[in-house]
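Worksheet: the structure to be examined is printed underneath.
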Amino acid sequence: MISELNVVTREYFMPLVTNQVFQGSPVLEKIFGIAKEGEFGMASPSLDGRAIIETLEVGAVNEEAATPYATGTVSIAKGSTTLTGAGGASFTAAMANRGQITITTGATYRIASVTDATHLELTDPFEQTTVSGVAFSIDYFTTVANTSGAYVKADTFAAGDEDTLAGASYDWKMYHTTVKIHNLDLKQNTGKSRIIDLASQRLRSATKQLQRNLIADFYGTAVDGDSAGKMIGLQGICAGSGTVGTINKATYAWWQGARNSAASARDLTWDLLNKVYYDTKKYGNGDAANLIVTSDGVIQNYENSLTKTVVTGSSGTRYENIVATRALDEKVVDAGITGFKFKGIDMLSDPMIPVADKTFFINLNYIYWRVLQGFQSTGWQDLKASQNKDWAQLTVNGYGALTTSCCAKFGLISELNQN
């Protein structure tokens, strides 16, 4: 029985999971369907790949010689990422700008963010023995303005890393779905054809569940360090705070998405769309978002708010015995709208979107689904002997990460009315 189930899984389920789990969502088909896969799924060929590094394509921070800081003492517990300063220590937000801290009795750690004048966060947990009141030193880079254009003989040229600020680093995320079939069901479905029917039904259901989980997380609010292990979500990318790719959004305006919220629900309007459109053009090469996604309810409300034009009479008035003239080869008169564009950008209604009152602006050139490996199966296992369970069980798992190289290329309009 188990061997036959494994054959069915390899022949029918794994191709389904790998190739079709995102079908039904026009947005995820665009993003997940072009996953970049390699030995490590790395974003930049010159980097190691054991972590995912997205080289930042858009930025405004330039680099010069590191600025040292070595006043006061600090305390930190083993395994913690929160460091407390004392004895004259006063941290500034600039220290998170490609900064690193060296504790006298420990190693050197990268700074993730500065919470306030006496607390900062490290990117990795402190691995040394707990320390209290020990000296430290910080090196960090400051923002400088490049000089270019006309000059005189006395000018000093300031050169910096104008186009690329290191990179954003992402963690792999693990996803799985588990299927079980009671051994009694297997006995009652003897014969290969019956087992195929039973297995395919359960496996199709498992694929749909995995799809719902991935879609919910894609549109979600997760950022770095999400306790549930979720991928960084689209709402997290658009947020004005939090850490994405180990970069603190609060520190850099170009790492924040464009957001337009309100105290109460309102209709989606041309003015709202136009505002976010220009906000997503602010940094880089001026390329705005190239896809707008919302729910059926929001786009239906938007359609209903549009001005209707009729050939004869007032809107909503029906006239009998009116003959519409059309070409002989035309068989259908369609009075509805089948598609929207805003400034040439496709506006899509995603039937699988799990949020109701939001419209997303997406730039497909700055978002990627990185794959460590395709979804793999453990194979069906009989748990009767190993775990004293009268089940045959299968687990499907895979590793990937949603990454972006510029959060500012994404936007979110929220608190929208629906029909």
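Filtered by the rule that a residue be open to solvent by 60 Å² or more (accessible area, probe 1.4 Å) and either in contact (Cβ under 8 Å) with a residue 40 or more places away in the chain or basic (Lys, Arg) (or both), the stretch 102-132 gives Arg110, Asp124, Pro125, Glu127, Gln128, Thr129, Thr130, Ser132.
The condition (being modelled with pLDDT of 85 or more and among the aliphatic types (A, V, I, L, M)) is satisfied by just one residue among Val144, Val134: Val134.
Would you check which residues across the stretch 405-419 are surrounded by 24 or more Cβ atoms within 10 Å (Cβ to Cβ) and outside any loop (DSSP other than H, G, I, E, B) and list them? Result: Cys407, Ala408, Lys409, Gly411, Ile413, Leu416. Inspect all residues belonging to the stretch 202-214 and state whether any of them is within 30 Å of Lys341 (Cβ to Cβ), crowded, with 20+ Cβ neighbours inside 10 Å and under 17 Å from the mean Cα position of the chain (by Cα). Checked the stretch 202-214: at least one residue is within 30 Å of Lys341 (Cβ to Cβ), crowded, with 20+ Cβ neighbours inside 10 Å and under 17 Å from the mean Cα position of the chain (by Cα). Filtering the stretch 192-205 for residues that are of a type in the set (Gly, Ala, Ser), modelled with pLDDT of 90 or more and under 27 Å from Val27 (Cα atoms) leaves an empty set. Does the stretch 380-390 contain at least one residue that is in contact (Cβ under 8 Å) with a residue 24 or more places away in the chain and surrounded by 23 or more Cβ atoms within 10 Å (Cβ to Cβ)? Within the stretch 380-390, one or more residues are in contact (Cβ under 8 Å) with a residue 24 or more places away in the chain and surrounded by 23 or more Cβ atoms within 10 Å (Cβ to Cβ). Filtering the stretch 216-245 to residues that are open to solvent by 10 Å² or more (accessible area, probe 1.4 Å), farther than 17 Å from Leu28 by Cβ and not in a loop (DSSP other than H, G, I, E, B) leaves only Thr243. Every residue in the stretch 272-323 that is among the hydrophobic types (A, V, I, L, M, F, W, C), at pLDDT below 85 and open to solvent by less than 60 Å² (accessible area, probe 1.4 Å), please. Within the stretch 272-323, Leu306 is the sole residue that qualifies. Checked against the criterion of being over 12 Å from the mean Cα position of the chain (by Cα), at pLDDT 85 or above and either exposed (fewer than 15 other Cβ atoms within 10 Å of the Cβ) or outside any loop (DSSP other than H, G, I, E, B) (or both), the candidates Leu372, Leu394, Leu402 yield just one match: Leu394.
The values are calculated or read from the model by the stated rules, or taken from the named source; none is laboratory data. As the structure is a computational prediction, the values presented were derived from the model and not from experiment. Cβ atoms come from the backbone with ideal geometry, glycine included; neighbour counts cover every protein chain shown. Accessible surface is based on the protein model in full, side chains and every heavy atom, while ligands, DNA and RNA are left aside. Shrake-Rupley method; radii C 1.70, N 1.55, O 1.52, S 1.80 Å.
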